[in-house]
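Colleague: Before we start, here is the structure in question, set down as structure tokens.
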Amino acid sequence: MFARAAALAGQTKMASVIVTMRIMPESPQTDMKKLELQVTNEVKAFGALSSKTEINPFAFGLNALTAIFVINEAKGDTEQLEKKLADIEGVQGVEVTDVRRTIG
């Protein structure tokens, strides 16, 4: 029993993490489809295992882009990705709104 536990101890499997981000455009005139494509490309380049984006009404005619993606827990934090997304032309701000750990 102890030998099996010792053998399994070296095989630690990292979980996946589901991250949700809200990307706010600078103005209602921002091309959201173009922004969505740029965000999707950056998320994939960051190493997302899968991703999904949604454009949702926010306030006063302004839409927000929501990016939901899965990354390996070993990747660590998303600070570098947040900075890259914030540097995209037309982006006012980036906010992580949810992080959930998955197992399996």
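The values are calculated or read from the model by the stated rules, or taken from the named source; none is laboratory data. Because the structure is a prediction, the values reported are computed rather than measured. No Cβ is skipped: glycine too gets one built from the backbone with ideal geometry, and neighbour counts run over all protein chains shown.
Colleague: So which residues in region 55-92 are of a type in the set (Gly, Ala, Ser), out of contact with any helix residue (DSSP H, G or I) (no Cβ under 7 Å at 6 or more places or on another chain) and closer than 16 Å to Thr20 by Cβ?
Modeller: Ala64
Colleague: Still on this structure, please answer the following. Just to verify a result, which residue in region 47-72, among those that are free of Cβ contacts under 8 Å to residues at least 40 places away in the same chain and hydroxyl-bearing (Ser, Thr, Tyr), is farthest from Asp31 (Cα to Cα)?
Modeller: Filtering first and then ranking leaves Ser50.
Colleague: With the requirement that a residue be more than 14 Å from the chain's Cα centre (by Cα) and surrounded by 16 or more Cβ atoms within 10 Å (Cβ to Cβ), what does region 63-89 give you?
Modeller: Asn63, Ala64, Ile88
Colleague: Counting just the residues of region 12-62 that are over 18 Å from Val91 (Cα atoms) and polar (S, T, N, Q), which one comes out surrounded by the fewest Cβ atoms within 10 Å (Cβ to Cβ)?
Modeller: Looking at the filtered set, the residue picked out is Thr12.
Colleague: Select from region 1-34 the residues that are among the basic types (Lys, Arg), farther than 17 Å from Val70 by Cα and modelled with pLDDT of 95 or more and list them in ascending order.
Modeller: Matches in region 1-34: Lys33, Lys34.
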